[in-house]
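The values are calculated or read from the model by the stated rules, or taken from the named source; none is laboratory data. For clarity, every value in this text was computed on a predicted model and none was experimentally measured. Cβ: placed from backbone, ideal geometry, glycine included. Neighbour counts: every protein chain shown. Side chains included, ligands, DNA and RNA excluded: accessible areas come from the protein's heavy atoms. Shrake-Rupley method; radii C 1.70, N 1.55, O 1.52, S 1.80 Å.
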Amino acid sequence: MLSDFYPSSVFKFCPFCGAKEFVWDGAKSHTCGACRHRLYVNEAAATVALIVNAQGELLFVRRRSDPAKGTLDLPGGFVDVGETAEHAVVREVKEELNLEVSGLQFFGSFPNRYLFGGVVYFTLDLVFVCTVHDFSPLCAADDVDACMFIAPQKVSVEQIGLESIREVVKRYAGVSE
Ligand SMILES: [Zn+2]
């Protein structure tokens, strides 16, 4: 069960004073029974790129690592501290696919649960439709094993590992018909 790895299940000690009276409120935060510090669990920002070729096919990648290793995914990744989402999506596409993207158009935001290192990180995936003028530098690198163009209406969502990405593709397939 993914909920077994939620911060509310995993984090047992107060990070301020170390006391083992770190009580989950059932919704948003822990409170320390000893020093009274309150620690909130928030969503981390991540980005997703929707990139289509001239045939209207969507650019997918195959995940090199867990979570969901080997499944289909869309390009993108976490926003660094102090970075804008726009910068992050441009940087991630360059790192993963060696492509320059421009003309970002915000598509929507999709919550996700991301199990990494024994704890679930709650993310908010910020999705952008991106323009690529030159696909010739395209090559898979970084945390991506392979990349491929697939018509959004033809991809089976069972091949997509991350729940937010399934929702992104379903919605995009609906509006691009
Ligand atoms: Zn404490």
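Before moving on, here are some points about what is shown:
- All positions within region 53-66 that are surrounded by fewer than 16 Cβ atoms within 10 Å (Cβ to Cβ) and touching a residue at least 24 places away in the same chain (Cβ under 8 Å): N53, Q55, G56, S65, D66
- Test: residue in region 128-150 that is part of a helix (DSSP H, G or I), within 30 Å of S3 (Cα to Cα) and either open to solvent by less than 50 Å² (accessible area, probe 1.4 Å) or not aromatic (F, W, Y) (or both): no
- D80 meets each of the listed conditions (1) open to solvent by 20 Å² or more (accessible area, probe 1.4 Å); (2) in a helix (DSSP H, G or I); (3) charged (D, E, K, R) apart from (2).
- Of everything listed in (1) surrounded by 14 or more Cβ atoms within 10 Å (Cβ to Cβ); (2) within 12 Å of the ligand (Cβ to nearest atom); (3) of a type outside the set (K, R), the single unmet condition for W24 is (2).
- From the options S109, S176, S156, residue that is under 18 Å from F78 (Cα atoms) and of a type in the set (S, T, N, Q): S109
- Cβ-Cβ under 7 Å pairs, at least 6 apart or on other chains, region 4-30 side within 15 Å of F116 (Cβ to Cβ), far side within 14 Å of the ligand (Cβ to nearest atom): F11/F22; F11/H30
- Residue list for region 80-96, filter: farther than 23 Å from S136 by Cβ and free of Cβ contacts under 8 Å to residues at least 40 places away in the same chain: D80, V81, G82, E83, T84, H87
- Against the numbered list (1) among the charged types (D, E, K, R); (2) in contact with a Cys (Cβ under 9 Å, 6 or more places away or on another chain); (3) surrounded by fewer than 21 Cβ atoms within 10 Å (Cβ to Cβ), R91 comes up short only at (2).
- Qualifying residue in region 97-119 (condition: without any contact (Cβ under 8 Å) to a residue 24 or more places away in the chain and within 16 Å of the ligand (Cβ to nearest atom)): no
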